[in-house]
1. When the range 72-86 is examined, which residues are found to be over 23 Å from Leu139 (Cα atoms) and either at pLDDT below 95 or not hydrophobic (A, V, I, L, M, F, W, C) (or both)?
2. Are there any pairs with C-beta distances below 9 angstrom linking a residue in the range 8-27 that is closer than 17 Å to His69 by Cβ and without any contact (Cβ under 8 Å) to a residue 60 or more places away in the chain to a residue that is polar (S, T, N, Q) and outside any loop (DSSP other than H, G, I, E, B), with the two at least 6 apart or on different chains, and if so which?
3. Residue by residue through the range 3-18, note down the ones that are within 17 Å of Glu37 (Cβ to Cβ) and part of a loop (DSSP other than H, G, I, E, B).
4. For the range 48-65, state whether one or more residues are farther than 28 Å from Asp120 by Cβ and at pLDDT 95 or above.
5. Looking at Lys140 and the list (1) in contact with a strand residue (DSSP E or B) (Cβ under 7 Å, 6 or more places away or on another chain); (2) modelled with pLDDT of 95 or more, which single condition is not satisfied?
6. Do we have Arg42 as charged (D, E, K, R) and in contact (Cβ under 8 Å) with a residue 12 or more places away in the chain here?
7. Being among the aliphatic types (A, V, I, L, M) and in contact (Cβ under 8 Å) with a residue 60 or more places away in the chain is the filter; apply it to the range 45-61 and report the residue that is surrounded by the fewest Cβ atoms within 10 Å (Cβ to Cβ).
8. Six or more apart or on different chains, Cβ under 8 Å: which pairs go from a residue in the range 82-103 that's touching a residue at least 60 places away in the same chain (Cβ under 8 Å) to one that's assigned to a loop (DSSP other than H, G, I, E, B) and not small (Gly, Ala, Ser)? Could you list them?
Amino acid sequence: MSGPRRFTIEERVRWGDVDAARIIFYGAYIRFFEIAETELFRAVGLPYSVIFDEIDLWLPRVHLACDFHRVAQLDDLLEVSVYVGRIGNKSMQLNFEVRRKGEEELVATAHFVMAAVRKDTFESVPVPELLRQRLSPYLKLVEI
């Protein structure tokens, strides 16, 4: 079985992303993940303005895990790929893979767990069917 379809952006490691040794600071990866996530949602026709204002939903992160496999440095052009690891009843997981452009070796891997909550009350709610449908091409299928 082939893996899930991935949505990929390219982003360069910038001066603000690195430490004094010109190696990417671990916290800077979150910016890369957020860009990939935002563009994935935009690509499936659900930019955050629609999710927030029309669907009345927020997706706060409740868990983040990241593994660092190789060093990324100032001016490296990175490919950041995102796909949906799972969609549960009231939460979903996005998985991320970071590589230098044109290379197979992983620089970093990560995942976010995002809860579905109402904007006004922060009450946990089911993940909307529209969100499930639009993200389905990027959903990792579990082998049985």
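1. Across the range 72-86, the qualifying residues are Gln73, Asp75, Asp76.
2. Within 9 Å, the pairs are Ile23/Gln73; Ile24/Gln73.
3. Selection gives Pro4, Arg5, Arg6.
4. The initial filter retains those residues of the range 48-65 that are farther than 28 Å from Asp120 by Cβ, namely 65.
Keeping just the survivors that are at pLDDT 95 or above gives 65.
Scanning the range 48-65 turns up at least one residue that is farther than 28 Å from Asp120 by Cβ and at pLDDT 95 or above.
5. Of the numbered conditions (1) in contact with a strand residue (DSSP E or B) (Cβ under 7 Å, 6 or more places away or on another chain); (2) modelled with pLDDT of 95 or more, the odd one out for Lys140 is (2).
6. Numbers: charged (D, E, K, R): yes; in contact (Cβ under 8 Å) with a residue 12 or more places away in the chain: no.
In short, no.
7. Going through the range 45-61, the residues among the aliphatic types (A, V, I, L, M) turn out to be 46, 50-51, 55, 57, 59.
This time we only want the ones that are in contact (Cβ under 8 Å) with a residue 60 or more places away in the chain, so: 46, 51, 55, 57.
Values: Leu46: 20, Ile51: 19, Ile55: 14, Leu57: 20.
Restricting to residues being among the aliphatic types (A, V, I, L, M) and in contact (Cβ under 8 Å) with a residue 60 or more places away in the chain, the top hit is Ile55.
8. Val82/Arg6; Tyr83/Pro4; Tyr83/Arg5; Tyr83/Arg6; Tyr83/Lys140; Val84/Pro4; Val84/Lys140; Glu97/Arg6
The values are calculated or read from the model by the stated rules, or taken from the named source; none is laboratory data. Remember, predicted model here, so these are calculated numbers, not experimental data. Please note: Cβ atoms are built from the backbone with ideal geometry, for glycine as well, and neighbour counts cover all protein chains shown.
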